[in-house]
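Some notes on the structure that comes next.
The values are calculated or read from the model by the stated rules, or taken from the named source; none is laboratory data. Bear in mind that the values here come from a model prediction, so they are computed numbers and not experimental data. Positions of Cβ are backbone-derived with ideal geometry, glycine not excepted, and every protein chain shown enters the neighbour counts. For the accessible areas, the whole protein counts, side chains as well, though only heavy atoms, and no ligand, DNA or RNA atoms are used. Shrake-Rupley method; radii C 1.70, N 1.55, O 1.52, S 1.80 Å.
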Amino acid sequence: MDLSLSTRTVGDRTVVEVGGEIDVYTAPKLREQLVELVNDGSYHLVVDMERVDFLDSTGLGVLVGGLKRVRAHEGSLRLVCNQERILKIFRITGLTKVFPIHTSVDEAVAAKD
Amino acid sequence: MPTVELRFSALPEHVRTARLVAAAVARRAGVDEAVLDEVRLAVGEACLRAVGLHQHNGLSGPVRVVLTEEEKKFSIEVGDDAPTAPGHVPAARSTAETHPDPDGDGNASGPGGDDADVDDEMGLAVISGLVDDVEVTASESGGTIRMSWPAATAAPGS
């Protein structure tokens, strides 16, 4: 399965809805999307991963890269994920300490630093 | 004797194929459905790492994946041709350990230049976190990641 991406604005946040597989083959598309958003001045991102079927370390690398970019502008990158198999990957790599992970888009949008 | 053996050019686009084949063979070997996701992810990470090592070292040879159905065990071996000096065995460390300042300014204190640098360490961290039985070896002639999972004996005729 391929990667699907869509973005929408909720208040001062930009929600990026990701679906499908984030792997070495598709991760560049996600990277481009995040870079484009930051270049266009969207510094508060919420990445909704509820429809992601597969995530590998390349995808993690892109998310970490996105986090670095928004932080360079005092921004934020929050994740929405309830899938245990995806959450497990964040836990074993220690990235749960790096990314705020929320159970819903509403919760992520309402969250303050 | 291996059940299935794959050799593919060291290109990222073939990693997905290797993942799909490994998951299919693992399923046939009787690996629990709940664990198949982990098999898929671990094989993908091992192949990614091998592809990266081949590209980094300018090696033209293929990456090797050997899938073996054993008694009550399913094992996967991913081999690369990247030479490592004797005595230097790459350790699989967790990202949290190698980047002791993850929640500071987001700039890891390790080699954290760009996204790509993070990937390799993270790949090994994912593998060692996912797979209980894993062995990473390296020698002058290349490296190998061996992983195994428990498997039920396949049903007769399956």
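Pull up segment B:18-41, narrow it to residues that are within 10 Å of chain A (Cβ to nearest Cβ) and of a type outside the set (D, E, K, R), then point me to the one that is most open to solvent (accessible area, probe 1.4 Å).
Step one: of segment B:18-41, the residues within 10 Å of chain A (Cβ to nearest Cβ) are B:19, B:34, B:37-38, B:40-41.
Within this subset, residues satisfying the condition of being of a type outside the set (D, E, K, R) are B:34, B:41.
Details: B:A34: 76, B:L41: 10 Å².
Filtering segment B:18-41 for residues that are within 10 Å of chain A (Cβ to nearest Cβ) and of a type outside the set (D, E, K, R), the one most open to solvent (accessible area, probe 1.4 Å) comes out as B:A34.
Which residues, taken from segment A:35-64, are within 14 Å of chain B (Cβ to nearest Cβ), surrounded by 23 or more Cβ atoms within 10 Å (Cβ to Cβ) and more than 20 Å from B:V126 (Cα to Cα)?
A:L45
Would you tally the residues in segment A:48-83 being acidic (D, E) and over 13 Å from the mean Cα position of the chain (by Cα)?
As a first pass, look at segment A:48-83 and keep what is acidic (D, E): A:48, A:50, A:53, A:56, A:74.
From what's left, over 13 Å from the mean Cα position of the chain (by Cα): A:53, A:56, A:74.
Of the residues in that region, 3 qualify.
Taking the criterion of being free of Cβ contacts under 8 Å to residues at least 12 places away in the same chain and hydrophobic (A, V, I, L, M, F, W, C), would at least one residue in segment B:26-41 satisfy it? Quick ask: steps written out before the conclusion?
First pass over segment B:26-41, keeping only residues free of Cβ contacts under 8 Å to residues at least 12 places away in the same chain: B:27, B:33-34, B:37.
Remaining after also requiring hydrophobic (A, V, I, L, M, F, W, C): B:34.
Scanning segment B:26-41, I find at least one residue that is free of Cβ contacts under 8 Å to residues at least 12 places away in the same chain and hydrophobic (A, V, I, L, M, F, W, C), so the answer is yes.
Any idea which residue in segment A:69-110 is nearest to the other protein chains (Cβ to nearest Cβ), counting only those that are buried (at least 17 other Cβ atoms within 10 Å of the Cβ) and among the small types (G, A, S)?
A:G94
Name every residue in segment A:1-34 that is touching a residue at least 60 places away in the same chain (Cβ under 8 Å), open to solvent by 30 Å² or more (accessible area, probe 1.4 Å) and of a type in the set (A, V, I, L, M), in order of residue number.
Start the filter on segment A:1-34 by keeping residues that are touching a residue at least 60 places away in the same chain (Cβ under 8 Å), which leaves A:10-11, A:13, A:15.
Imposing the further condition that a residue be open to solvent by 30 Å² or more (accessible area, probe 1.4 Å) reduces the set to A:10-11.
Hit for segment A:1-34 is A:V10, nothing else.
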